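Only one structure is covered here, and it is reproduced in the block below.
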């Protein structure tokens with residue numbers, strides 16, 4: 001959950017690097033909260049139409065998470081030494097999404113790259129988000 005909150009604190013920060021843990025933990029909690037929003041829409045009867053299984057809570061949550069999702073994705077691409085514009089390869093049918101997934105799963109560039117210091121080295125991000133080091 002701390003990784004999710006870290007991404008929200010960097011709401012529209014497209015600079016720097018994000019490690020795999022930060023990206024994937026944000027993605028996990030984002031999916032969980034999206035499902036909860038859709039379930040709440042169904043329970044409370046806030047669906048747009050009977051055929052569409054989601055409604056206003058889902059739409060508001062999804063819109064609120066659009067910018068942080070893009071920002072953490074761009075920072076993740078920076079970690080593998082790619083420009084944020086590489087995100088647009090997702091528009092290439094089938095191959096683009098697979099390529100983007102591979103980039104998101106690839107280990108970051110060791111040491112410093114053009115986008116900043118490696119978040120795994122030196123000042124560990126886990127310390128930045130408040131977890132204790134043992």
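FYI, it's all coordinate maths here, none of it is from the lab. All values reported here derive from a predicted model rather than from experimental measurement. Cβ sites come from the backbone with ideal geometry, for glycine too, and all protein chains shown count toward neighbours.
Some points to look at:
- Fluctuation leader among 86, 104, 26 - the chain, Gaussian network, Cα springs under 10 angstrom: 86
- Footprinting exposure proxy ranking of 19, 76, fewest other C-beta atoms within 10 angstrom first, gives 19, 76.
- Percentage relative contact order, the range 1-98, counting C-alpha pairs under 8 Å, at least six apart: 30 percent
- Oblate is the label for the range 47-103, because the ratio a/c of its alpha-carbon gyration tensor axes (a ≥ b ≥ c) is 1.5 or higher and a/b is not greater than b/c.
- Inverse of mean 1/r across different Cα pairs in the chain, Kirkwood, Å: 16.2 Å
- Length available on full extension from residue 95 to residue 120: 0.36 nm per residue minus the Cα-Cα distance, which gives 6.1 nm.
- Cβ-derived FRET efficiency at R0 35 Å, residue 112 paired with residue 33, nearest 0.05: 0.55
- When 65, 1 are sorted by how many other C-beta atoms sit within 10 angstrom of their C-beta, beginning with the fewest, the order is 1, 65.
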